[in-house]
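Heads up, the thing below is written out as structure tokens.
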Amino acid sequence: MTARILCVEDEDLLRSDIAEELNDEGFETLTASNGKEAIEVLKHEHVDLILCDIMMPLVDGMTTLKLVRERLPQHNEVPFIFLTAKSTREDILSGKKLGVDDYLTKPIDYDLLLATIKARLSQVDRIRETNEERLKRIYNALKDEHHKGQPLSISLIANMEKYILPIEHALKDLGCLVEFVHEAHLAQRKDIAEHNDLCFLVYSKQVHFYLSGLIKAKTTHGRGKIVLLCNDHVDANLKEALIEQGIGYTIDYPYPPVEIFKIILKAAQQQ
């Protein structure tokens, strides 16, 4: 599969030269002239690596990195490399604290640029392969558990089924009895957690009201049945408060399968 690289650079000629060099090496290249444009691209596009200038108008490189790491969790594992004409110790420390993966100085040494990109992409591939192997082991352990006991009954609650369709398919493949419930029907299905082994809810205002009702009625404690799937609007304090009030688990976007399978495995072992 061709790797996609986003190049964020405000100098038109340099941006064009980098894109041409990357295209000649077989990469697919997306471009942006500043951090504001880059964020808009990353809201809608998948990329495998980000090259970003530090000194740019509107939104600079440091702010771009901060926004990507804090607000676009779907790109958490994407290597981020700064292109910079200044690389003081303070600049490097600031970038490292924000989660930058590497620095390349200007003028660009294209041999070094390509070597760095290939090394970072290879590192991501190795991590991904390790995670896939781990996921396979948990998946196989789950299938073994299901041969020993009754299938788990699981409800999935969201405002659109497409958001959790991959989770639904994976759980059905494991032999679970899976039911999708639109969040608008929670008012009529207040006992949905009571009648299922696990209940996965994608956080929203309506889901928050539903959970508040369970907490008020003191029907969440001691269960461990409720799993809250948290988008980037759910801050750490809210998650901690919900767990303290009896919500069983929280999983952050993009809802890694390994985390979901761990919870399924634990529930299967408790049957």
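Looking at Lys172, Lys190, which one is surrounded by fewer than 15 Cβ atoms within 10 Å (Cβ to Cβ) and touching a strand residue (DSSP E or B) at 6+ places or on another chain (Cβ under 6 Å)?
Unique residue meeting the criteria: Lys172.
On the basis of being at negative phi and not assigned by TED's automatic domain parsing to the domain that holds Glu77, does Tyr163 make the cut?
Answer is yes for this residue.
Applying the selection to the range 233-255, what residues are in contact (Cβ under 8 Å) with a residue 24 or more places away in the chain and either under 19 Å from the mean Cα position of the chain (by Cα) or not assigned by TED's automatic domain parsing to the domain that holds Val207 (or both)?
Across the range 233-255, the qualifying residues are His233, Val234, Tyr249, Ile251, Asp252, Tyr253, Pro254, Tyr255.
Out of all the residues in the range 51-81, which are farther than 21 Å from Leu121 by Cα and in a loop (DSSP other than H, G, I, E, B)?
Ile54, Met55, Met56, Pro57, Leu58, Val59, Asp60
To keep it simple, each residue is scored yes or no on (1) assigned to a strand (DSSP E or B); (2) over 28 Å from Glu77 (Cα atoms); (3) modelled with pLDDT of 85 or more.
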position	(1), (2), (3)
Pro166	no, no, no
Val178	yes, yes, yes
Ala184	no, yes, yes
Val207	no, yes, yes
Leu229	yes, no, yes
Lys239	no, no, no
Glu259	no, no, no
Lys262	no, no, no
Lys266	no, no, no
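Anything in the range 30-50 that is farther than 14 Å from Ile81 by Cβ and outside any helix (DSSP H, G or I)? List them, or say none.
Once the filter is applied, which keeps residues that are farther than 14 Å from Ile81 by Cβ and outside any helix (DSSP H, G or I), the range 30-50 yields Leu30, Thr31, Ala32, Ser33, Asn34, Glu45, His46.
The values are calculated or read from the model by the stated rules, or taken from the named source; none is laboratory data. On a predicted model such as this, the values are computed, not experimentally measured, just so you know. Backbone-built Cβ (ideal geometry, glycine too); neighbour counts: all protein chains shown.
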